[in-house]
Amino acid sequence: RLHASSGTTGKPIVVGYTRSDLEVWMEVVKRAMASCGLNRTDVIQVSYGYGLFTGGLGAHYGAEALGATVVPTSGGNTKRQIMLMRDFGTTAICCTPSYFNFMIEQAAAEGIDMRKLPIKAGLFGAEPWTEEMRKRIEAASGIKAYDIYGLTELSGPGVAFECSEQAGMHINEDHFIAEIIDPE
């Protein structure tokens, strides 16, 4: 399969994935989801974009490998996203933290209190975010907000992730080696 980076710093980086690469990717995202308490009884809404960007398909296949029900909404159409979240009983969401923040605002504008929905967790990545943003998301929605990290060149989301302790990222070190370079 071919995937590409978002191209935010110039021309997108295109990477080819083998069947083995896809199996590793599925496994590491499944681990990330399980580490925050998700399992086969969950309904996971994937609101990352699908297509060349790795977020949507990475989260999708990881959730399927976990045995969870997947709601492949992709990004945008926020009112519909919230409706599906309510109608399908979404228990977890995968998207950018800024988009989920927007969903919270949109829900409030529609008179919907996200804290009253069954959603309990969010796996947020694809952009940097702060501890303050996590606290704001958790307070406004009643969920636990987890960081997930990846990059197109390695396999997309699942290279590293937070567990239920929310005390930093874990690297899937049986698949990835972190090289730390001291410039001095």
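The values are calculated or read from the model by the stated rules, or taken from the named source; none is laboratory data. Note that the structure is predicted; figures quoted are calculated from it, not measured. Neighbour counts are summed over all protein chains in view; Cβ atoms, including those assigned to glycine, are modelled from backbone coordinates with ideal geometry. Please note that ligands, DNA and RNA were not included when accessible areas were found on the heavy atoms of the full protein model with its side chains. Shrake-Rupley method; radii C 1.70, N 1.55, O 1.52, S 1.80 Å.
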For this session: Classify the range 54-143 as rounded, prolate or oblate, taking a ≥ b ≥ c as the square roots of the eigenvalues of its Cα gyration tensor: rounded when a/c is under 1.5, otherwise prolate if a/b is larger than b/c and oblate if not.
Result: oblate
Exercise. Per-residue HN-Hα couplings for the range 36-43, Karplus 6.51 cos²θ - 1.76 cosθ + 1.60 at θ = phi - 60°, whole Hz, x for Gly and Pro?
Worked result: 9, x, 7, 8, 5, 7, 7, 10
Seminar exercise, completed: With a ≥ b ≥ c from the Cα gyration tensor eigenvalues, square-rooted, and the rule rounded for a/c under 1.5, otherwise prolate when a/b > b/c and oblate otherwise, the range 41-87 is oblate
Problem set entry | Built amide H within the under 5 Å cut-off of LYS144, gap 5+ | ALA121, GLY122
Exercise. How large is the accessible surface per residue of the chain, computed with a 1.4 Å probe and reported in Å² as a whole number?
Worked result: 52
Seminar exercise, completed: Between the alpha carbon centres of the range 7-23 and the range 116-184 the gap in Å comes to 20
Exercise. Tell me, what % of the accessible area of the chain is carbon and sulfur with a 1.4 angstrom probe?
Worked result: 53
Exercise. Which far-off residues, 5 or more places away or on another chain, put their amide H under 5 Å from the one on VAL71, with H placed in the peptide plane?
Worked result: ILE44, GLN45, VAL46
Exercise. What shape does the range 1-89 take by its C-alpha gyration tensor, where a ≥ b ≥ c are the square roots of the eigenvalues and a/c under 1.5 counts as rounded, a/b above b/c as prolate, and the rest as oblate?
Worked result: oblate
Problem set entry | Accessible-area order (highest first, 1.4 angstrom probe) of the listed residues LEU117, LEU151, LEU2 | LEU2, LEU151, LEU117
For this session: Could you check how many percent of all C-alpha pairs in the chain are farther apart than 28 Å?
Result: 21
For this session: Just the number, please: percent antiparallel of the DSSP beta bridges in the range 3-116, rounded to the nearest 5.
Result: 25
For this session: Name the residue farthest towards the positive end of the dipole of the range 39-184 from the options LEU123, ALA92, ILE112, assuming +1 on Cβ of Lys and Arg, -1 on Cβ of Asp and Glu, about the Cα centre.
Result: ILE112
